[in-house]
1. Would it be correct to say that LYS67 is surrounded by 13 or more Cβ atoms within 10 Å (Cβ to Cβ), under 20 Å from the mean Cα position of the chain (by Cα) and farther than 20 Å from VAL239 by Cβ?
2. Specify which of the listed residues (TYR19, TYR38) is buried (at least 18 other Cβ atoms within 10 Å of the Cβ) and among the hydroxyl-bearing types (Ser, Thr, Tyr).
3. Here are the criteria: (1) buried (at least 20 other Cβ atoms within 10 Å of the Cβ); (2) closer than 22 Å to ASN223 by Cα. Tell me which single one LYS161 does not satisfy.
4. Out of the stretch 120-131, which residues are farther than 10 Å from TYR90 by Cα and either touching a strand residue (DSSP E or B) at 6+ places or on another chain (Cβ under 7 Å) or touching a residue at least 24 places away in the same chain (Cβ under 8 Å) (or both)?
5. If you go through the stretch 46-64, how many residues are under 11 Å from VAL84 (Cα atoms), of a type in the set (A, V, I, L, M) and surrounded by 16 or more Cβ atoms within 10 Å (Cβ to Cβ)?
6. Checking the condition at pLDDT 95 or above, of a type in the set (Asp, Glu) and out of contact with any Cys (no Cβ under 6 Å at 6 or more places or on another chain), which residue from GLU208, GLU148, GLU203 passes?
7. Can you tell me which residue among ALA172, ALA228, ALA258, ALA182 is assigned to a loop (DSSP other than H, G, I, E, B) and of a type in the set (A, V, I, L, M)?
8. So which residues in the stretch 61-92 are among the aliphatic types (A, V, I, L, M), over 23 Å from ILE24 (Cβ atoms) and either touching a residue at least 40 places away in the same chain (Cβ under 8 Å) or outside any strand (DSSP E or B) (or both)?
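The values are calculated or read from the model by the stated rules, or taken from the named source; none is laboratory data. Only a predicted model underlies this, so the values are computations on that prediction, with no experimental measurement involved. Here the Cβ positions follow ideal geometry from the backbone for every residue, glycine too, while neighbour counts run over all protein chains shown.
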Amino acid sequence: MKAAVLQLNAQGMSSTKLYNYIRIASKKGVKVLLLGEYVLNPFFKELEHMSISMIKEQALHQIKILKDLTYTYNIFIIAPLIIVKKEKVYKCIAKFAPSSTSYYNQQILINYPHWNEEKFFANEIKQIQSPMIFKVDGFKFAVMNGFELHFDELFAKLRSKNIDCLLVPSVATFDSYERWKALITTRAFTHNIYVLRANRIGEYQDKEFLWKFYGDSILASPNGELLAHLGNTEELMIVDMSHTDVVRARRTWGFKEAINKRIEKKD
């Protein structure tokens, strides 16, 4: 499976770079392309000061562009979006496929005093559900927001799904590179899956902080190895992944088999 990460700053209403990079990716045989958080929309701290009508206008514009791109280039595009429904603002991840579009509302949002998405967005707080799952040419993907990567409960929902790759769009900042690298490679190893993470680049300055989004988009292997990563500039990273390597890692380490033996069987 050939996939790609497009590491960008916030693009606003512009679509030039998206068209250029996706055309390149398509020519190189990429089937699935992943974008980071707050690339198609302004950063969260900026959204707090925008009108709902402006947020809605931008979302509809980006959705139209991405539907056109996925149809034109026959490529799956995984893109975090801020959308508006009935005058309420939601944070989601959209899967744009050549013949359909699906949305996954983020289930667990950051709720820290300096960065409180849970308070701002209308995403429902409810019992944990399975993340979005889809197949491309027999290769199975799941999609999870970067913050959700911290929570075991979401991975429990994937235990029986036999996914090959977890796609993780993120917006990591504040010199958290080493912590994120450790989290990503550990999740890849303990679940014997690929983890492909897209992190945005650029800066945002408010009254208290300079938010530096450092990139470092990553591919981790089912054995917990760091296979590829980007720097802190605008780049397209194309990667190859193998279902055979996923199966081999699971057989080698036997983590899933050990748990399956101990799961209580229902009558």
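1. Numbers: surrounded by 13 or more Cβ atoms within 10 Å (Cβ to Cβ): yes; under 20 Å from the mean Cα position of the chain (by Cα): yes; farther than 20 Å from VAL239 by Cβ: yes.
In short, yes.
2. TYR38
3. It fails just one condition, (1).
4. Taking the stretch 120-131 and keeping what is farther than 10 Å from TYR90 by Cα, we get 125-131.
Correct list: ILE128, GLN129, SER130, PRO131.
5. Going through the stretch 46-64 one residue at a time, the tally reaches 2.
6. Within the list GLU208, GLU148, GLU203, the selection yields GLU148.
7. Being assigned to a loop (DSSP other than H, G, I, E, B) and of a type in the set (A, V, I, L, M) holds for just one of ALA172, ALA228, ALA258, ALA182, which is ALA172.
8. Passing the criteria: ILE82, VAL89.
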